[in-house]
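Undergrad: My structure is below; once you've seen it, I'll send some questions.
The values are calculated or read from the model by the stated rules, or taken from the named source; none is laboratory data. Bear in mind that the values here come from a model prediction, so they are computed numbers and not experimental data. No Cβ is skipped: glycine too gets one built from the backbone with ideal geometry, and neighbour counts run over all protein chains shown.
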Ligand SMILES: [Zn+2]
């Protein structure tokens, strides 16, 4: 009994110590836990900010590279139909032929730096120049988003050729063979070697693309007794068939005829043009090809499901 009484005090003390210890541990674990969550969130935020920064810098760089390439496309659009070399001489004013200093050749900014006028003769510079540069920059970003490395670059070159072809067609109502014929050949090679398509199907797609369009043109001639579609459009469709594959052909023809018809009707309704007024068809075909490149598969899938 005596023993017990002696022992009770230390036991009480012990219990108190144990509880104290327990709560201290609990507090320690809790604070640790809160600090860890705090650090985790902070790191997450820092990581996010860092990723965002890297992403923004990447996008800006890609836009800049794209727009520099766009100023080269402007050179192509102006010079190819005029048979001037695209490499030499360096940039000049179309009006006074004076050389443009390199610091005014900065894409997009150069135009605004010059306030849209030639530094020497004050001739208005077409607003198309910064537009083409901005378009190239935007498409460079879109390509980077949609495809990985070298495929993105190849598709970007394809889109660039569409920009050049469309503007030349708008200006001169021609699609130069010097662009379309090499484009067909390169596309056949890319289709087989890079996109891993069947050789025979690629050749059929090329011939079918051009062939269908040639046939439509011939039928139109037969019934309307005048030429409707140029040979340039036929070669352009062969190019698209070779590059985008056999499934793209009907898609592009459908989209471009639809848009072309709407545009034609709008011209007749609002600008009082005659029904015989010829509109360049290259930009509409190019738009169809562009739509197919980015969303063709999805649109066809959606269409077949909802048929
Ligand atoms: Zn000038």
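Undergrad: Is it the case, given these coordinates, that residue 29 is exposed (fewer than 10 other Cβ atoms within 10 Å of the Cβ) and either within 16 Å of the ligand (Cβ to nearest atom) or without any contact (Cβ under 8 Å) to a residue 40 or more places away in the chain (or both)?
TA: It is false that residue 29 is exposed (fewer than 10 other Cβ atoms within 10 Å of the Cβ) and either within 16 Å of the ligand (Cβ to nearest atom) or without any contact (Cβ under 8 Å) to a residue 40 or more places away in the chain (or both).
Undergrad: Find all pairs meeting these conditions: Cβ atoms under 9 angstrom apart; at least six residues apart or on different chains; first residue within segment 237-253 and under 14 Å from residue 300 (Cβ atoms); second residue assigned to a loop (DSSP other than H, G, I, E, B).
TA: Every condition considered, the pairs that remain are 245/195; 245/197; 246/197.
Undergrad: Sort out which residues of segment 182-208 are touching a residue at least 40 places away in the same chain (Cβ under 8 Å) and within 23 Å of the chain's Cα centre (by Cα), and write them in order of number.
TA: Let us first name the residues in segment 182-208 that are touching a residue at least 40 places away in the same chain (Cβ under 8 Å), namely 183-184, 187-188, 190-191, 194-195, 197, 201-202, 204-205, 208.
Hits for segment 182-208 are 183, 184, 187, 188, 190, 191, 194, 195, 197.
Undergrad: For residue 256, are the conditions met, namely being at pLDDT 90 or above, in the same structural domain as residue 180 (by TED's automatic domain parsing) and over 17 Å from the mean Cα position of the chain (by Cα)?
TA: Yes; evaluated as a whole, the condition is true for this residue.
Undergrad: Can you find even one residue in segment 125-142 that is touching a strand residue (DSSP E or B) at 6+ places or on another chain (Cβ under 7 Å), within 16 Å of the ligand (Cβ to nearest atom) and outside the structural domain of residue 281 (by TED's automatic domain parsing)?
TA: Yes - at least one qualifying residue is present in segment 125-142.
Undergrad: Among the residues of segment 97-115 satisfying the criterion of being assigned to a loop (DSSP other than H, G, I, E, B) and over 18 Å from residue 127 (Cα atoms), which is farthest from the ligand (Cβ to nearest atom)?
TA: Applying the filter and picking the extreme gives 101.
Undergrad: Any residue in segment 112-132 that is in contact (Cβ under 8 Å) with a residue 40 or more places away in the chain sitting within a Cβ distance under 7 Å of a residue that is within 16 Å of the ligand (Cβ to nearest atom) and in a loop (DSSP other than H, G, I, E, B)? List the pairs, counting only those 6 or more apart or interchain.
TA: Close Cβ pairs (under 7 Å, with a partner that is within 16 Å of the ligand (Cβ to nearest atom) and in a loop (DSSP other than H, G, I, E, B)) do not exist here.
Undergrad: Tell me whether segment 217-235 contains one or more residues that are touching a residue at least 60 places away in the same chain (Cβ under 8 Å) and at negative phi.
TA: yes
Undergrad: Any idea which residue in segment 73-96 is surrounded by the most Cβ atoms within 10 Å (Cβ to Cβ), counting only those that are assigned to a helix (DSSP H, G or I) and either without any contact (Cβ under 8 Å) to a residue 12 or more places away in the chain or outside the structural domain of residue 130 (by TED's automatic domain parsing) (or both)?
TA: 79
Undergrad: Okay, moving on. If I filter segment 269-280 for residues that are surrounded by 13 or more Cβ atoms within 10 Å (Cβ to Cβ) and assigned to a helix (DSSP H, G or I), do I get at least one hit?
TA: No: segment 269-280 contains no residue that is surrounded by 13 or more Cβ atoms within 10 Å (Cβ to Cβ) and assigned to a helix (DSSP H, G or I).
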